[in-house]
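I have placed the structure first, in the form of structure tokens, so that the comments after it can refer back to it.
The values are calculated or read from the model by the stated rules, or taken from the named source; none is laboratory data. Note that the coordinates shown come from a computational prediction; the quantities given were computed from them, not determined experimentally. Note: ideal-geometry Cβ built from the backbone for every residue, glycine included; neighbour counts use all protein chains shown.
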Amino acid sequence: MEEKVFNYITENSLLEKGDTVLVALSGGSDSVALISVLLYLREKLSLTLFAAHVNHNLRGEDSLNDENFVRKLCKDHNIPLFVKSVDIEKISKEKNLGTEECARDERYKFFYEVSKEKGISKIATAHNKNDNAETVLFNLLRGSGLSGLSGIPCKRDNIVRPLLCVSKEEILKYLLEKEQTFVTDKTNFETDYTRNKIRLNVFPLLSEINGGFINNIYRCSQSLKEDEEYLSEISKKELKKIANGKKLSIDGLKNLPLSILNRVILIFYKENFNKSPDFTDIKLIREMVFNGRTSMKLDLSEKISCVRGYDFIEFFEEEKKAVADFCYEISHKVFIEEVSKTVSITKVENINNFVTKNLYDCDKICGMLKARKRKAGDYFTLSMKKSLKKLFIDKKVPREDRESAIVIADEKGVVFVEGFGVSKEYRVDKDSKNIGYIEIEKGNKI
């Protein structure tokens with residue numbers, strides 16, 4: 001396996017002779033295999049190795065045991081180690097992020113800090129073929145295009161992934177042959193996260209259909225990656241022909257194949273705004289190109305707007321005055337001063353005279369209801385569960401209306417969103433006995 005990884009490193013120019021490398025070391029099988037391989041290659045490539053470990057403090061004594069294992073491993077091999085202890089549960093609540101996403105952000109933040117402070121040229125992570133397959137399937141379920149289906153890149157900026165050429169099975173076999181121990185994160189066997197569900201539930205089924213599916217997905221993602229790179233290069237050349245500052249030629253866009261047009265918009269966004277447009281944004285822009293009228297304006301996501309002229313579509317960032325944060329407890333009726341709206345809640349006996357989408361089952365509520373502004377991490381179930389941000393974009397809700405929309409939540413999550421009604425989890429059903437009705441009126445101060 002060591003020679004296989006060496007060849008992969010060489011073919012993809014992941015490491016150069018004399019590089020300093022910071023290894024992201026969790027103590028699990030993948031990262032332990034990575035540092036073992038790099039120790040083998042240390043002399044051949046004249047590498048200087050360092051390691052970084054983040055203790056997320058999510059698993060009590062197990063988290064501390066992982067940290068101690070990593071400390072001993074690095075001490076045994078004389079590898080300088082940098083350790084950071086973070087309270088992920090606290091940070092995730094403060095930032096309204098999922099635990100998994102928050103943990104990842106904190107890890108990479110620490111890796112970048114260490115590499116910059118110590119002048120380390122490369123950061124090596126232990127992603128492998130199985131991780132790549134998870135990513136491809138995860139992105140497929142989200143409806144990603146070629147970029148998402150290209151899987152995990154072997155390098156991005158100063159991050160390199162030398163183990164992408166090997167499978168989990170190869171890694172475990174390698175560690176067994178070396179008699180190298182590692183730690184096991186028990187949460188990897190819990191199905192609370194989508195990726196774990198894919199790994200634990202979907203992978204075994206796919207393996208029954210085709211035992212080589214991990215390698216097949218890898219080959220497919222590499223092929224799609226090559227296609228994506230080729231299409232992106234063509235798109236960059238076309239963009240130069242039709243761009244004039246923050247304007248795009250309408251005729252130039254019309255003459256492009258749709259696959260190139262989409263990529264031109266993506267690249268244009270990144271170059272001018274350092275942002276990526278949502279698929280809905282691209283669809284709206286395309287409609288403006290082919291069917292729009294002069295002086296037509298679109299308010300897109302991420303504070304981007306565009307106006308259609310005679311020959312060009314001009315894009316610009318608009319700093320909208322943000323609605324101040326607000327949060328009010330509701331027992332019966334309350335006036336929300338920040339948006340000049342009144343929220344009232346009443347108990348009902350006969351539901352025939354009420355708007356059905358505004359009715360909720362009182363017995364499904366946990367704790368006190370609060371009326372507040374939307375915030376990152378809010379999810380709402382209309383027919384299917386999705387982030388409130390995505391729901392607003394999909395339904396083309398204007399940005400100013402998103403800012404002033406009232407969200408009503410209990411201790412578990414979002415109960416009601418203005419304009420959409422009650423979330424599916426809280427709606428009345430045939431067994432509902434205690435029924436409440438939510439009403440929002442504009443400009444009615446109590």
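Name the single residue that is surrounded by the most Cβ atoms within 10 Å (Cβ to Cβ) among those in the stretch 238-261 being in contact (Cβ under 8 Å) with a residue 40 or more places away in the chain and assigned to a strand (DSSP E or B). So that I can check it myself, show each step before the final result.
Kept after step one, since they are in contact (Cβ under 8 Å) with a residue 40 or more places away in the chain, are these residues of the stretch 238-261: 244, 246-251, 253.
This time we only want the ones that are assigned to a strand (DSSP E or B), so: 244, 247-249.
Working: N244: 11, K247: 18, L248: 22, S249: 16.
Only one residue fits best here, namely L248.
Pull up the stretch 328-349, narrow it to residues that are surrounded by 13 or more Cβ atoms within 10 Å (Cβ to Cβ) and closer than 20 Å to G367 by Cα, then point me to the one that is farthest from the chain's Cα centre (by Cα). Out of the qualifying residues, it is V348. Please determine whether any residue of the stretch 108-122 is modelled with pLDDT of 95 or more, over 28 Å from E233 (Cβ atoms) and in contact with a helix residue (DSSP H, G or I) (Cβ under 8 Å, 6 or more places away or on another chain). Yes, the stretch 108-122 has at least one match.
Pairs linking a residue in the stretch 398-417 that is under 14 Å from Y379 (Cβ atoms) to a residue that is of a type outside the set (A, V, I, L, M) and surrounded by fewer than 20 Cβ atoms within 10 Å (Cβ to Cβ), with Cβ atoms under 6 Å and 6 or more positions apart or on different chains, are V407/R372; A409/K370; D410/C366; D410/G367; K412/C366; V414/D378.
Taking into account only those residues within the stretch 185-216 that are of a type in the set (K, R) and under 15 Å from E100 (Cα atoms), which is modelled with the highest pLDDT?
Top of the filtered list is K197.
Mind checking whether some residue in the stretch 89-98 is surrounded by 15 or more Cβ atoms within 10 Å (Cβ to Cβ) and of a type in the set (S, T, Y)? There is at least one residue in the stretch 89-98 that is surrounded by 15 or more Cβ atoms within 10 Å (Cβ to Cβ) and of a type in the set (S, T, Y).
Candidates L300, L359: the one that is at pLDDT below 90, touching a helix residue (DSSP H, G or I) at 6+ places or on another chain (Cβ under 8 Å) and surrounded by 15 or more Cβ atoms within 10 Å (Cβ to Cβ) is L300. If only residues of the stretch 20-66 that are surrounded by fewer than 19 Cβ atoms within 10 Å (Cβ to Cβ) and among the acidic types (D, E) are counted, the one that is farthest from S167 (Cα to Cα) is E61. Only residues that are closer than 24 Å to V407 by Cβ, among the small types (G, A, S) and in the same structural domain as I250 (by TED's automatic domain parsing) were counted across the stretch 286-323, and they come to 1.
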